[in-house]
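Notes follow the structure.
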Amino acid sequence: MVTVGQILAVAAHVEGKGAIVLDMSGLAQKGGPVMSHVRLADKQADLHSTRVGTGSADLVIGCDQIVTASKDALSRMGEGRTYAAINSTGATTAAFVKNPDWQFPGTSSQAEIKRACGDANVDFVDAGKIATALMGDSIATNMFMLGYSFQKGHVPLSEAALMKAIELNGVSVPFNKAAFNWGRYCAHDTAAVTKLATPATVIEFKRTQTLEEIIAKRVELLTAYQDAAYAKQYSDFVAQVQAAEGALGSKKLTEAVARYFYKLMAYKDEYEVARLHSDPAFREKIANMFEGDYKVKFHLAPPLLAKKDKEGHLVKQEFGPWMLKAFGVLAKFKGLRGTALDVFGYTAERKMERALIGEYRKTVEGLLGKLTADNLATAVAIARIPEDIRGYGHVKERHLKAAKQKEASLLAEFSKPAAVTHAA
């Protein structure tokens with residue numbers, strides 16, 4: 001955003017016009033919103049303030065939809081006056097760190113922007129997706145949006161002045177010019193540019209997996225994770241649940257257990273991380289994503305080696321490409337998992353993860369003898385509790401605490417006697 005603001009200001013000076021730019025970028029390094037107030041005039045003497053006033057923006061280039069729908073940005077828009085070109089490509093915010101169920105507020109933010117400018121004065125374009133596909137880098141999005149706004153006739157500067165400003169900026173000149181021109185092309189024919197940016201794909205109609213397929217897939221995964229005996233523990237327990245639930249003519253509880261008992265059994269320990277990274281499929285994926293001379297580095301916090309911060313949390317360290325060989329060696333020792341020779345198994349986190357498997361099994365077994373049509377939904381909710389146990393280390397501990405509180409509440413609800421209805 002800072003670059004776009006500077007390009008506009010320099011282009012104005014190239015044309016002999018006046019310009020003032022105020023960059024609000026204090027939180028940029030921490031993932032916060034970035035806003036640039038750009039004011040242009042025929043003469044520098046005509047500009048007396050740096051900020052765009054309330055309701056007085058003529059053009060809003062919204063490179064991030066959530067920021068554009070913020071109170072500060074909306075306050076600059078005036079209905080019937082402001083034209084807004086908005087990048088509608090969703091981007092995860094810092095809120096996702098604390099709330100893994102966070103959803104991009106696309107509909108609500110678009111409604112706020114339309115309300116502020118008027119429906120006819122707003123264009124939403126999937127610029128992030130299009131620009132990344134065309135240019136290979138999402139940083140092209142902002143210059144793309146400038147080109148889009150220019151082509152729509154809302155940037156009061158000439159193409160020659162803008163091109164000169166990009167050249168004077170001296171950074172990625174051909175790249176920025178191309179992004180600008182792609183934005184112009186998109187404004188002229190959005191459908192054509194979208195088609196160019198969308199690779200031809202074969203449409204596959206995915207059918208819903210059957211319960212048998214869900215179980216079979218997880219048996220396969222657990223066999224690769226540990227061995228056939230470990231996978232049999234899983235399939236035997238799921239079969240036990242299925243037999244108990246069968247009398248109710250339902251499969252909901254069985255499916256929930258099939259999914260979430262697997263999740264607990266396949267916890268990501270050191271052996272599994274090593275197995276997944278030493279899998280040839282991982283290297284193939286990396287090779288397909290990057291070209292030229294590149295290095296793969298890993299940020300890890302080995303519990304036996306990593307330092308701790310002042311709060312007692314493990315601190316990640318950077319490891320070079322040699323870790324791929326180390327992963328290959330470590331993966332071969334997955335058979336030690338859970339045995340007395342498992343040096344990683346003595347950490348508090350690994351003990352907790354193994355305990356969760358037993359606790360889950362005991363909890364579900366306690367439900368089966370009391371299962372009725374009335375409490376089936378509650379039983380399914382209890383079986384889905386592992387969905388809330390996410391992350392690693394202290395993050396997982398925090399989620400586990402909340403999940404256990406939720407589980408206790410559901411168990412209390414499950415144990416309540418069914419209401420009795422008396423006929424008159």
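The values are calculated or read from the model by the stated rules, or taken from the named source; none is laboratory data. Since the model is a prediction, treat every value here as computed from it, not as a measurement. Virtual Cβ from ideal backbone geometry, glycine too; neighbours counted across all protein chains shown.
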Determine, yes or no, whether PHE180 is among the aromatic types (Phe, Trp, Tyr), modelled with pLDDT under 95 and outside the structural domain of ASN288 (by TED's automatic domain parsing). no
Scanning region 53-87 for residues that are more than 29 Å from the chain's Cα centre (by Cα) and in a strand (DSSP E or B), the one farthest from MET1 (Cα to Cα) turns out to be TYR83
Taking region 218-235 and keeping only residues that are in contact with a Phe, Trp or Tyr (Cβ under 6 Å, 6 or more places away or on another chain) and among the charged types (D, E, K, R), one is left with ARG218
### Task
Could you tell me whether GLY78 is touching a Gly at 6+ places or on another chain (Cβ under 8 Å) and modelled with pLDDT under 90?
no
Within region 346-361, the count of residues that are touching a residue at least 12 places away in the same chain (Cβ under 8 Å) and either closer than 11 Å to TYR271 by Cβ or of a type in the set (Asp, Glu) (or both) comes to 3
In the set ALA256, ALA281, ALA243, ALA228, the lone residue that is touching a Lys or Arg at 6+ places or on another chain (Cβ under 6 Å) and small (Gly, Ala, Ser) is ALA256
Taking region 137-163 and keeping only residues that are closer than 18 Å to THR3 by Cβ and assigned to a loop (DSSP other than H, G, I, E, B), one is left with ASP137, SER138, ILE139, VAL155, LEU157
Matching residues in region 389-408 (closer than 15 Å to LEU367 by Cβ and surrounded by 13 or more Cβ atoms within 10 Å (Cβ to Cβ)) number 1
Considering region 88-111, residues that are crowded, with 17+ Cβ neighbours inside 10 Å and assigned to a helix (DSSP H, G or I), and then whichever is modelled with the lowest pLDDT, we arrive at SER109
### Task
May I ask you to verify whether VAL380 is without any contact (Cβ under 8 Å) to a residue 60 or more places away in the chain and either under 26 Å from ALA243 (Cβ atoms) or not assigned by TED's automatic domain parsing to the domain that holds PRO302 (or both)?
no
